[in-house]
Each structure stands twice: as structure tokens, then as C-alpha cells.
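Reviewing the structure listed below.
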Amino acid sequence: MGNSPLVTDTRLSPHFNPRNHAIDTVTIHCVVGQCTAKTVLNFDRFDLDDPDDDDASCNYVVGCDGSIGLCVEEKNRSWCTSNRDNDHRAITIEVASGTKHPYEVTDAAYKALINLLVDICQRNPGIGTLKWKGDKSLIGQPDKQNMTVHRWFANKACPGEWLYSRHAQIAAEVNARLTGGTTTKPAVPTPAPTPSEPTTPDTSVKFKAGDLVSLTADARYYNGTEVPRWVLRKNWYVKSDAKGDRVVVNKSEDGKNAINSPIHAKYLKLVQAKPDVPYLVQVSISDLNIRKGPGTNHGKRGVTGKGVFTIVEVQNGSGSKSGWGLLKAYQKNRNGWVSLDYCKKV
Ligand SMILES: [Zn+2]
């Protein structure tokens, strides 16, 4: 027990309770501010008389310069994670971070966080090694997962995408240190340095407007900036201005997100090429619905009947794996679409 010998600054907050549960969990948070531990310890919200009555605390603070602050002693429960049960069993750590998505953390803070976690694990056998599965349903099962995140308990981005996406890596680095293993080869990928641009520029863009593409894992570091994981998980449409070796993708497949900066073609892979239109299809069912837009969420306007039809445009949309085809007869007003699941190219 006790507190970490790595602490450089102490300012104990009055916001705590004696723990009612043994320590078996860690919860890493982001401060939303690149400050030293000392500055964070002096935040209003850790004070008895916070004018906003936004009473909070944490066990430890990691500053942007690698300083480590003690805010609530380990033996006590901090007011940190919007969940009493979690905070009674968790050691909570606030880490200085950027103020905007993805709430990045400095090198110095990241290193200090790893050192602090190694020390916490060594002194707290109830934690032992770190286990992370990114699975909210495992809350309260520390034998399976003993790292939790604030966003599971409250409508918050905390700990921010930068730290959240590194939880597996953090666990691997800490565990490697604990077992005397090497930290140079963690079980999960370490963020690679920013890949350099190719020395012989590849000027042949392999993609054309309307292609559906996804970003490769390497794209996480394009332009020297980390791309959040959710960006990698989505499919994107290639915009009309694919030039040289750069491709601009606009809306994601679900139409909810946009990437505005050009992406090197080497970071893209083709999910579905835009079909060359027009083309002919055979419909062999008698009741294929014609819809006013590309998706089952659009109203019906009759059926095609069996026969051969000309498709002049293809789009993705709900309710059809193969996409939706615009019938030539409705080209002018773009209001007659069929599910290509029931059409065969002829
Ligand atoms: Zn938090």
C-alpha cells in the first residue's frame, strides 16, 4: 500500500472517502490541458470550495512534463470516474492531454504514466498485471479486465481517443516491465514513427471518383498526425478530385463524417470500385420494388417486373448489400432505384 515514491508534487484534495473495496483496477483519465502535475493539483475542482461545485479528485496526476502529483492517497477513494463502485476499487490517474480530440499526451507524460503504472502494479497485488479488452461488459470482473475508462460510466470522451486507443499498448508495456521482459517488442503494435513519403513519387492514382475505399492501418500516421481508429473503421467515397498521388475522400459511407485533407493513395485500399455505367441488368423476379431513393428507407413507387433494364448510377444505401442502381427511365429526376441484390449484370 502506501503511495507511489515517484510522486513529485503533493496537494491532497478533501474530496475522498475511505475505500470500501480492495484495489484491483486502474482508470486512466485525460485532464484536457497540457499542464504540469502541480498546476493540475491546484485546479478549482479539487478544492473544498469550488465555486462551480464541480467537486472532483483523482489519486494521481501525470503532468505534461512527466511530473507526478498525489491528489488522493491510494488508501482512499477518489471522486473521478462518475461511478462510486469503480472509484472504490480503482486507482485513478489524470493525465495531462491536449484540449481537443484526440486529446494527445506528451512523450514525457506517457513515459511517466507507464512508470507510475509499473509502480502501482508492483505495490498492489490486487492489480498484478494490467488486463485490457476494451469491453465495457467486463466492468467488475478484474480477473478478465482490470482497466476501466470514464466514458463507460458517463457521457464523456475521457480518456480521449489518444489514450483510449493505446490502452492495449499501455498494458503490454507495463506488463513487459513487470515480468522483466523487453519493452521493445510489446504484444500489440507500438505507434510507428510517421512514415516518410515515398522517395519515388507514385503519381498513378489507382482510385477514381465514386470508388469506395478504406484506410489502411498505416494511415494512422499520415501527414504526421494520428488518425483516430474510428476513421479507419469506416468506408469512404473517393471525391472527384483525386490528383497525382493524393486522394480526397469526402463523406463516409454512412454520410456522417468527412475527412477534409488529401490522403496519400498508398494509405487507401479499394473496398468497391465504382461500376462503369451504364450497364444492363437482368431482373428475374416479378416484384422488385422501385424506390424513390437509394435505400429501403425511401418510399416505393411500383415494381420493375421481369426483364432487362439499364442502370445509370450506383450508390450504397440501406437494405441492399450490392448497392442501389438508378434505372435509366428515372435518370432525369434520379428517383427510381432498385436493389442490385436482385439484378444480374448481362
Ligand atoms: Zn475522466
task = Count charges around R291 for me, please; just the other residues with Cβ under 14 Å from its Cβ, Lys/Arg as +1, Asp/Glu as -1.
result = +1
task = May I ask you to derive the FRET efficiency for R123 and A258 from their Cβ-Cβ distance with R0 = 41 Å, giving the value to the nearest 0.05?
result = 0.30
key: Euclidean distance of C-alpha centroids, the range 1-60 and the range 262-332, integer Å   = 56
request  = Could you tell me which of the pairs K251/K345; K239/K328; K239/K274 are separated by over 19 angstrom between their Cα atoms in the structure shown?
outcome  = K251/K345; K239/K328
Cα gyration tensor shape for the range 9-178, rounded if a/c is under 1.5, else prolate or oblate = rounded
request  = Give, as a single signed number, the net charge of other residues whose beta carbon lies under 10 Å from the beta carbon of Q282, with Lys and Arg counted +1 and Asp and Glu -1.
outcome  = +3
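Under the definition of Cα pairs under 8 Å and six or more residues apart, what whole-number percent is the relative contact order of the chain?
Computed over the chain, the figure is 11 percent.
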note = Taking every DSSP bridge whose two residues both lie in the chain, the antiparallel percent to the nearest 5 is 75
note = Computed over the chain, the convex hull of the Cα set has an average projected area, in nm², of 22.9
query = Which residue, chosen from P278, A265, S339, occupies the Cα position most advanced towards the positive end of the dipole of the range 262-346, where the dipole is computed from +1 (Lys, Arg) and -1 (Asp, Glu) charges on Cβ about the Cα centre?
reply = A265
ask   = With each label point set 7 Å from Cα along the Cα-Cβ vector, what nm distance links D107 and Q282?
value = 6.4
ask   = If packing is taken as the mean number of other Cβ atoms within 10 Å per residue, what is the order of 167-179, 318-330, highest first?
value = 167-179, 318-330
key: Rounded to 10°, Cα long-axis angle of helix 107-123 versus longest principal axis of the chain   = 60
query = Which far-off residues, 5 or more places away or on another chain, put their amide H under 5 Å from the one on G336, with H placed in the peptide plane?
reply = L327
inquiry  = Checking the cross-link filter: which lysines have an alpha carbon closer than 18 Å to that of K100, excluding same-chain neighbours under 8 positions apart?
reply    = K156
note = GNM of the chain, Cα pairs under 10 angstrom: of T129, T216, T36, the biggest fluctuation goes to T216
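Laboratory data are not the source of any read-out in this text; all were calculated from the coordinates shown. On a predicted model such as this, the values are computed, not experimentally measured, just so you know. All Cβ positions, glycine included, derive from the backbone under ideal geometry; neighbour counts span all protein chains shown.
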